[in-house]
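Taking it in order: structure first as structure tokens, then the write-up.
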Amino acid sequence: MYAQSWSTVLRCGTHTLLVRPTRKLESVQRRAARYTLGRYRRTSSVDAMLTLLEWEPLAARRRTARLVMFYKIHNGLVAIPMPLLQKLHPLPTRAENSQAYHIPISSRDYHLHSFYPQTVRDWNVLPEAVVMATSSKTFKDSISQ
């Protein structure tokens, strides 16, 4: 279970290192939207098609996957130890929720955009009600809105 959870962290965290493959995947999704709706004209808006189909962009799906995995690590639902220190706010502040973590300092891009630093930035600004969700499904539903 530990190896499977860690591979999910790696899969969720290496997204910024894979810009070119990400663009290719996005283009596959855009072509699939054209195919699904049967609209091949150059004047047809693919963004409008994606909205009509309610398909999330890859970046949004990756962000959701990262935050759900972080939620599971935070609550001990997976066998991955939390390597970060939690800030001890008794109440949420204007900029952070009460479950905020210290953002790891990094001088290298490959670490700055890896799983923990990237996800902690997103986690710290989530609303209080979202981070206090009772289950991972409730958490996922509340961040997907």
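Quick look at the numbers
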item: Identified option (computed Cα extents along the principal axes in Å; candidates (1) 55, 31, 31; (2) 46, 37, 27; (3) 55, 35, 31); result: (1)
item: Within the chain, longest stretch free of exposed chymotrypsin sites (Phe, Trp or Tyr not before Pro) [DSSP loop, at most 16 other beta carbons within 10 Å]; result: 56-145
item: Computed magnitude of the charge dipole of the stretch 59-145 (debye, nearest 20; Cβ of K, R +1, Cβ of D, E -1); result: 220 debye
item: 10 Å Cβ shell holding at most 15 others, DSSP loop, trypsin sites (Lys or Arg not before Pro): longest site-free stretch of the chain; result: 43-86
item: Estimated inter-spin distance, Tyr40 and Ala129, nm [label 7 Å along Cα→Cβ]; result: 4.7 nm
item: Computed lengthening from Ser27 to Thr138, 0.36 nm per intervening residue step minus Cα-Cα distance; result: 36.9 nm
item: In degrees, nearest ten, helix 19-37 long axis to first principal axis of the chain (Cα); result: 50 degrees
item: Calculated FRET value between Ala60 and Leu91, using beta carbons and R₀ = 22 Å, to 0.05; result: 0.15
item: Cβ-placed point charges (K, R +1; D, E -1), dipole of the chain about Cα centre in debye, nearest 20; result: 740 debye
item: Under 17 Å from Lys140, Cα to Cα: lysines that are on another chain or at least 8 residues apart; result: Lys72
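Coordinate-derived values only; no laboratory data. No experiment lies behind these values; they were computed from the predicted model shown. Positions of Cβ are backbone-derived with ideal geometry, glycine not excepted, and every protein chain shown enters the neighbour counts.
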